[in-house]
Amino acid sequence: MAANAFSSPATGRTPNPKVAPSPSTRRAADSAAAAAAAAAAASDSKARFEAYNRLQAAAVAFGEKLPIPEIVAIGGQSDGKSSLLEALLGFRFNVREVEMGTRRPLVLQMVHDPTALDPRCRFQEEDSEEYGSPMVLATAIADLIKQRTEAHLRKIQAAVSPKPIVMRAEYAYCPNLTIIDTPGFVLKAKKGEPESTPEEILSMVKSLASPPHRLLLFLQQSSVEWCSSLWLDAIRDIDPTFRRTMIVISKFDNRLKEFTESWEVDSYLSASGYLGDNIHPFFVALPKDRGTISNEEFRRQICQVDIDVLRHLRDNVKGGFNEEKYEPYIGFSCLKKYLESELQKRYKEAAPATLALLEQRCSEVSMDLSRLDSKLQATSDVSQLRRSAMLHAANICTHLRSLLDGAADPAPELRGKTTEEEQMHSGIGSWPGINVPVKPPNSSLKLYGGAAFERVMHEFRCATYSMECPQVSREKVANILLAHAGRGGSSGLTEAAAEIARAAARSWLAPLIDTACDRLAFVLQSLFDLAMERCRYQDSKYHQNVEDMDGYVGFLAALRCSYYKFVKELSKQCKQIVRHHLDSVTSPYSHICYENDFLSGVGSVANSMHRFNHFPGVTSFDLSDSGSALEEAQENVPPKDRQHMTPPAKGNESKEVLRESQLTVPETPSPDLPVDMNGGKKKDNGNLNDGGARKRHARMAAYANRNHHNNVIGGDDLGSKSGSSYSSICSISAQYFAKMREVLIERNVPSALNSGFLTPCRERLFLALGFELFAVNDDRFMDMFVAPGAVDAIQNERQSLLKRQKILLSCLNEFKNISRTL
C-alpha cells in the first residue's frame, strides 16, 4: 500500500494537526503580533497627529475657527512654563531669554521623527499656511521669536497680542504633541508697558482657553500653598469643574526638604479640599543648570532629576509615600506620557466631528468661489449685470414700501429710534421758536418706517400748537395801524390785527414746517439700511444668491446716493408746497379771518374792534406807554362835533366818483347795502378811498362791516386809553393767528406731507432710481461695478480661496482615511 502523501517520511505516519505549538513559538508569535499592533497604532497615531497639525496650520493661516484638540499652557510668570516646553521638546533654545510668554502666544507643534537626530525647527510665515526654511541654531530660533513679536506689536500699537507665532519642531526625542504657550500672568506691568497690561494678558488667556475643545495645562510653583494660589480662581472661571484641566506643580524639588513624615507628603500630593477627589495634579522637577550643555546631556539630566525625586521620597521621608496612588503623577516622564496619550485620545474622539466640519467648510469655500466666478463673468456680461442690479434695486424698493406700510422685521427694539435718538442722529434738535420740550405720544418707543413718520407728524402738530402768537411791539402795531388808517375805510383796526397775525404766522410757522420736512426726510433715509438688511436676510433664508450684490460696493453706494437724492428732492418739493399753503392762508385776500363762524366767536373783542373801526379819529391815537389815547390839542384836527359832518355836495361827489370807477366790476357794492356814517369813506387824511386802487380793500372792509354790524353795542369810547387799544389789537391778532394755524395744520399740511413724501416713495421710487442708475450707456453703467483695481482684487481673492480650498480638501482626504481606521 502506498504511503500517504502527507505522512512523515521517517515514520510513514500522518502528523496530528491538533498538536499545539511549543511555548517558545507562542511567545514569539505573541511578541510579533504585539509589535505589529503597536507599530500599527503608532502609525495611526502619527497619521492623526500629522493631519491635525496640517489642519491647525491652515486654521492659523486662514483664520479658521476649528475645534482642534489642543493643549494651552497657562501660569504665572516664572512658574516654569518655558522650562517645561524645553523639556518636552528635548532641547533648549533659550525661550526664557526672549520673554515670549509675556506678549504673544507661541504654538509649538512637536513632531516625533526618528530620522531627525538634530532638531529641525520651522516657523509658519505670517498670514500664510507655508513654513519657512528649517532652523538648527537655538540662538536663531530665539532671535526670530523676539523679532516677530516686536514687529507685530509695533504694527498694531499694543503691548500684547492674541495672534500666535507657529513653530514646528521635528525631532527624534520629542513626542507628537501640540501646545499653545500663553503669556504669563503678572500682577504689575513692566517698566515702559501700559498699566493695563496685566488685565489684557488675563483677558487674552481666558479667550484662548475658553473653547471647550482645548485642554488646559496649568502650572504653579510648589512653594505656593493651595489655599493662597493667585491664579487658581482664574482657572476656575474658565473650567469650574477642572474637567479639561491638568494641574502641574513645578519646581517640586524645592518642596521636598519640608517633608519629614509620610502623612505630610500624602496630604500635599492629594491637595484634598482644594481640587476635588478626582483631580490629580502632576509634580515635576527639572534641571536647574542653565549652562551650555548638549541636548543629550539635557535629556539625561531630566531623567536623573525624576530618579532623584523618587529616591528622596522613599529614603528621606519617614514611612515613604503612597506609591501606588501617587507615583504615576510624580516626574516629568509621567507628565509627558500622559499629555501625549490624552491628546491622542482627544484626536481620536474629535475625528468624526472634524471630518463633518471639514466637509462643511469645503462646501462653503466652493460656494464662495462660485460667487467670485459669477462676479468675474458679470464684468464681461453687461446685460446680466444690468438684470441683477435692477432686480436688486426693485427688491430694495419693495422692502422700503413694506417698511412704510408697517413692519416688525427687523426688530424695532433693536433697529428703531426714539424721538430723542432721531433728533440726535439727524442733527435736528429742538423745534425752532419752541422753548419747551415737545414729547409726542410714543416718544420713548423705538420706531421706524411709517410709524416713525406718523410720530414726527404728531410731534409737528404738538410743537405748532404749543406756540402762541408772539408779542408785537407797540411800534409795529402803530406802523401797521396808522398805515391802514391812512388808507381810509371803516375796518382799519381789524385789518391791522389781521396783518399782524399774518406776519407772525409767516415768520414763526415757516421754520417749523421746514424742520418737519427735514425730520421726515431723515426718517425715510434711515430706512435704506433696514431695507438692505431685510434683503440680505431674505436672500440667505431662501438661498436667492442670483441677485447677491453685496460685493459691488460702488453700485450699492450709487444706489444709496440715488435714494438719498430722491428723498432730498421730495423734501424740497414738500417745503415749497407747504410754503404755498402758508402763503395762501396768510394772504390778505384769504377769507379765513373773516369767516362767520370765527368772527362770531370773538365776542366782546369783536365788539370792541368794531367800535374801534367806527371811531373817526384813529390817526390821533397814541399807542406809546405814556401817550394819551386821543390828543385833543392837536392842530388841524376837527372838533368832535364836526368829525361826522361831511358837506353834502362833496359827499355826493365822492360817491359819484366811486360808482363811476366801479362800473365794470361785478362786485361793486350795491347802494342798497347799509353803509357807515361816513358813507364808506374817510377824508381825515385827505385820501379818498377810490375804487381803482382800493376796491379789494373796500370789498373786504364791507365784508367785515357786515359781519360786525350786528355786534355794535352803544358808543363806548375804547380809545380813551392807549393800553386798551394795544391789548385789544394783540388779543384779536392772537385769535387770527390761532385760526390761521388751525387751518394750516388741520387742513393743509398733513395731506400735503403725506402725498408729498409717502405717495412718491410707494409709486415712483423705482422709476426714479432706475432712470438715474440704468438709463445710461454701458461704459457709465460699468463704472459702478468695475472700479480701478476691482477685477484684480477679485482675482486675488479667488486665488486665496483656491489655495484655501486645496489645503482643506487635502485635510479632508486625510481625515477620511483616518476615519476608516477608527
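The values are calculated or read from the model by the stated rules, or taken from the named source; none is laboratory data. Bear in mind the structure is a predicted one, so any value in this text is a computation, not a measurement. Reconstructed Cβ throughout: ideal geometry from the backbone, glycine too, with neighbour counts over all protein chains shown. Just so you know, the surface numbers come from the protein's heavy atoms only, side chains and all, with ligands and any DNA or RNA stripped out. Shrake-Rupley method; radii C 1.70, N 1.55, O 1.52, S 1.80 Å.
Here are the numbers for this structure:
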| quantity | calculated |
| --- | --- |
| Filtered residues of region 456-474 (kept if in a helix (DSSP H, G or I) and either open to solvent by 10 Å² or more (accessible area, probe 1.4 Å) or among the polar types (S, T, N, Q) (or both)) | H458, R461, C462, T464, Y465, R474 |
| Residue that is aliphatic (A, V, I, L, M), at pLDDT below 75 and either more than 30 Å from N395 (Cα to Cα) or crowded, with 19+ Cβ neighbours inside 10 Å (or both), where the choices are A505, A485 | A485 |
| Options S728, S720, S751; residue that is at pLDDT 50 or above and open to solvent by 40 Å² or more (accessible area, probe 1.4 Å) | S751 |
| Qualifying positions in region 149-158 - surrounded by fewer than 17 Cβ atoms within 10 Å (Cβ to Cβ) and at negative phi | E150, A151, H152, L153, R154, K155, I156, A158 |
| Single match in A498, A451, A463, A393 (criterion: modelled with pLDDT under 85 and among the aliphatic types (A, V, I, L, M)) | A498 |
| In region 411-445, the residues that are at pLDDT below 90, β-branched (V, I, T) and open to solvent by less than 40 Å² (accessible area, probe 1.4 Å) | I428, I434, V438 |
| Residue under evaluation L217, criteria (1) among the aliphatic types (A, V, I, L, M); (2) modelled with pLDDT of 90 or more; (3) assigned to a loop (DSSP other than H, G, I, E, B), criterion not met | (3) |
| Options V791, V776, V786: the member that is more than 30 Å from the chain's Cα centre (by Cα) and among the β-branched types (V, I, T) | V776 |
| Residue within region 85-92 that is in a loop (DSSP other than H, G, I, E, B), modelled with pLDDT of 85 or more and of a type outside the set (A, V, I, L, M) present | yes |
| Verdict on K345 being under 21 Å from H112 (Cβ atoms) and not in a loop (DSSP other than H, G, I, E, B) | yes |
| Cross-chain or 6+ apart pairs with Cβ under 7 Å, region 790-805 first and farther than 18 Å from L358 by Cα, then part of a helix (DSSP H, G or I) and open to solvent by less than 60 Å² (accessible area, probe 1.4 Å) | I794/L372; I794/K375; I794/L376; E797/L372; R798/L369; R798/L372 |
| Members of region 731-742 that are open to solvent by less than 30 Å² (accessible area, probe 1.4 Å) and more than 49 Å from the chain's Cα centre (by Cα) | I732, S733, Y736 |
| Residue within region 329-347 that is farther than 30 Å from F815 by Cα, at pLDDT 90 or above and hydrophobic (A, V, I, L, M, F, W, C) present | yes |
| Residue satisfying condition, being modelled with pLDDT under 90, surrounded by 14 or more Cβ atoms within 10 Å (Cβ to Cβ) and at negative phi, within set R290, R255 | R255 |
| Selection status of A116, open to solvent by 10 Å² or more (accessible area, probe 1.4 Å), out of contact with any helix residue (DSSP H, G or I) (no Cβ under 7 Å at 6 or more places or on another chain) and either modelled with pLDDT under 85 or among the hydrophobic types (A, V, I, L, M, F, W, C) (or both) | no |
| Some residue of region 399-407 being closer than 15 Å to A452 by Cα, outside any helix (DSSP H, G or I), of a type in the set (A, V, I, L, M, F, W, C) and open to solvent by less than 60 Å² (accessible area, probe 1.4 Å) | yes |
| Sole exception among (1) free of Cβ contacts under 8 Å to residues at least 40 places away in the same chain; (2) small (G, A, S); (3) open to solvent by less than 70 Å² (accessible area, probe 1.4 Å) for S380, by number | (3) |
| Count of region 226-247 residues which are open to solvent by 90 Å² or more (accessible area, probe 1.4 Å) and in contact (Cβ under 8 Å) with a residue 60 or more places away in the chain | 1 |
| Single unsatisfied condition, G192 versus (1) farther than 29 Å from T292 by Cα; (2) in contact (Cβ under 8 Å) with a residue 24 or more places away in the chain | (2) |
| Residue within region 337-345 that is surrounded by 13 or more Cβ atoms within 10 Å (Cβ to Cβ), of a type in the set (K, R) and under 25 Å from L84 (Cα atoms) present | yes |
| Options A169, A140: the member that is within 18 Å of A73 (Cβ to Cβ) and either among the small types (G, A, S) or loosely packed, with under 15 Cβ neighbours inside 10 Å (or both) | A169 |
